[in-house]
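In what follows, a structure is listed as C-alpha cells, so that the remarks can point back to it.
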Amino acid sequence: MTVAQSVAADRGAGRFVRARTTGRLGAAVGRIAGMAGLSMALLMGASLASGSLDTAKAQQQMRAEWADKFDSSLPQQAAVKSTTPTLSPETATAIEQAIVTYQNIVAQGGWPQVPTSGQKLRIGVRDEKVVVLRRRLMVTGDLQQTAGFSNTFDSYVDAAVRRFQLRHGLQPDGVLNTQTLAAMNVPAEQRLSQLQLNLVRVRSMSGYLGDKFVMVNIPAAEIETVQNGAVHSRHTAVVGKVDRQTPILNSKISVINFNPYWHVPISIIRKDLIPKMQKDPGYLERNKIRIYDSAGNELQANQIDWNTQQAMQYQFRQEPGDLNSMGSVKINFNNPYSVYMHDTPSKTLFGTDARFHSSGCVRVQNVREVIVWLLEGTPGWDRAKVDEVFRTGERIDAPVKNQVPLYFAYVTAWANTDGVVHFVDDIYGRDSAATDQVAMQ
C-alpha cells in the first residue's frame, strides 16, 4: 500500500480534522448531516464543532450547494474536534505516529507543488491545475483517491481544501488563496522536521499540568481550557505581533477584573501613543485616556510636548467602557512580562487568518465562557452573576478561589489521537532558530 493509500484508508476509517468550538464550517456540516440522514455517530461528531454563527447565511449557502448538486461530499467536511489536549502524553504518541507517516511520504518523493499563477481555484472552476491539486490533497489524505483526477474543482475537492485549511489553522472557505497555497507548497521534508522538533516540545510539557488548566498555543492563536484530562472548550485568540511577541510562560490565574481600567504599558506609550498624539492631538480625549503624574495629579494633553519623550514619565489610564482596549474583562496572573488575557472591542480580528495583532497580551474569543469556567467553585460567582456584571458594566474584581494553572506554549505541529496532523506557521521564527541550533551542535 502506498503512503497516499494508507493515509486515505485512515481517513476512510473516520479520522477527520477537528474544528474550532466556534467554527462556522462545523456548525454548517452538523445541519447538512441531519438533512442527509447520516449515522448518529457522524451527526454527534459534527454537532460537537457547532458554535455561534449566522444561521440564515449558512443555511442559504448549503441550500445553494444542494441545488447545484455540489453536495455529494459534504459529509467529508465533518471535522470532529479532538478532546485530547495539545499538551498530553497521547498527543506525543500521535506525533510519533505522524512522523512515521511523513517519513514514508518523504521517501516516496513528497507531494507535487500546486501552481500559484493563473485564476484563483474555487468550487465550479475547470483548470488543469485542479489535477495537480487533487494529487497534492491525496498524498496527505485530505482527498480520497476514489475522487479521481478530473480538472473540475467539484465538491469533493472543495471539502478536501476546507479540511486542509482546518488542519493548517486557516479559514475553511474552500478557496485556494495565497495563504492556502503557501501552506500546501511547504515541502514534505520541512513538515517532517516540524513534527520532529515539536515532539520534543510536547514531550517536555506532557507531564501532570493540573486537573484543570488553560493552555495558550501562541502560533496557533488558540486557547484550550482543560479539565480532568479532556478539552473543555477551545477559543480563538489574538496574540502578539512579531515585534511584540507573546512570551512563553507558566503561571496561575488568580483574579478576574471586570470592566477594568487599562494602564497603558510604557512600550505602547513609546511606540504607539506618542506617534498618534503627534498626528492627532484629540486622540486621548476621544478614547477616554487620562494622564497622571507620579503624585496622582491629572494633567491635560496640551501640557505635554509630544515631539519629545516627555510623555514617558507619566501614567496613562483608559476608563472602563466600550472603547477600553481590554473590553469588558481582564484575566490576571503573575508574570514578569506584564502581560495578561482579556476581552477586546476588536472582535473582527478573531475571524482572520492572521491573528497576530496584540502587543504581547492574549485576547480571548467568547471570553465569558472562559470566565464562568474559571470562577467555578468561587462563592457568589455563578453564570448569572457573571452575566449581570457584563450587563451592568460594574467595576469589580473576582478572586479565583482555586487558582488555575496557565501555560503559554509554542507548538507549530501536532497530531490528534484520531490520526489527523496539524501545522501552523512558525510566526516568531522559533522553529528555524531551534533547527539551526541543533545543526550547529
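Read-outs throughout are calculated quantities, based only on the coordinates presented, and are distinct from any laboratory measurement. Remember, predicted model here, so these are calculated numbers, not experimental data. Positions of Cβ are backbone-derived with ideal geometry, glycine not excepted, and every protein chain shown enters the neighbour counts.
Once fully extended, how much extra length lies between ASN228 and VAL255, figured as 0.36 nm per residue of separation less the alpha-carbon to alpha-carbon distance?
Between ASN228 and VAL255, full extension yields 7.5 nm more.
May I ask you to evaluate 6.51 cos²θ - 1.76 cosθ + 1.60, the Karplus curve with θ = phi - 60°, for each residue of segment 365-376 and list the ³J(HN,Hα) values in order in whole Hz, giving x for glycine and proline?
Coupling constants for segment 365-376: 6, 6, 4, 4, 4, 5, 4, 4, 5, 5, 8, 4 Hz.
So if each residue of separation counts as 0.36 nm, and I subtract the Cα-Cα distance between ASP211 and ASP397, what length gain in nm does that give?
64.5 nm
Would you grab the residues whose amide H sits under 5 Å from the one on GLU222? Only those 5+ places off in sequence or on another chain, please, with H modelled 1.01 Å from N.
For GLU222, whose amide H was placed from the backbone, the distant partners under 5 Å are ASN217, ALA237.
Find how much the distance from ASP305 to THR378 grows on full extension, using 0.36 nm per residue of separation minus their present alpha carbon separation; answer in nm with one decimal.
21.6 nm
Just how far, in whole angstrom, is segment 193-248 from segment 278-328 if you go by their alpha carbon centroids?
Distance between centres, Cα-based: 35 Å.
Tell me the net charge near GLN303. Cut-off is 15 Å between Cβ atoms, GLN303 excluded, with +1 for each Lys or Arg and -1 for each Asp or Glu.
-3
With a point put 7 Å past each Cα toward its Cβ, work out how far LEU323 is from ARG368 in nm, to one decimal.
Placing both labels 7 Å along Cα→Cβ, they lie 2.5 nm apart.
At a 10 Å Cβ-Cβ cut-off, how would you order ASP426, ASP158, ASP173, fewest neighbours first?
Lowest to highest Cβ neighbour count: ASP173, ASP426, ASP158.
With each pseudo-label sitting 7 Å past Cα toward Cβ, what's the GLU388-ALA433 distance in nm, one decimal?
Output for this residue pair reads 4.7 nm.
Return ASP425, ASP243, ASP127 ranked ascending by Cβ neighbour count within 10 Å, so the fewest neighbours appear first.
ASP243, ASP127, ASP425
Could you list which residues have their amide H under 5 Å from that of LEU121, counting only those 5 or more apart in sequence or on another chain, with H placed in the peptide plane?
The list, which skips near neighbours in sequence, is LEU176.
Rg and Dmax of segment 263-318, Cα atoms, in Å?
10.0, 28
Excluding ASN324 itself, what net charge comes from residues whose Cβ is under 12 Å from its Cβ, given Lys and Arg +1 and Asp and Glu -1?
Around ASN324, the charge tally is +1.
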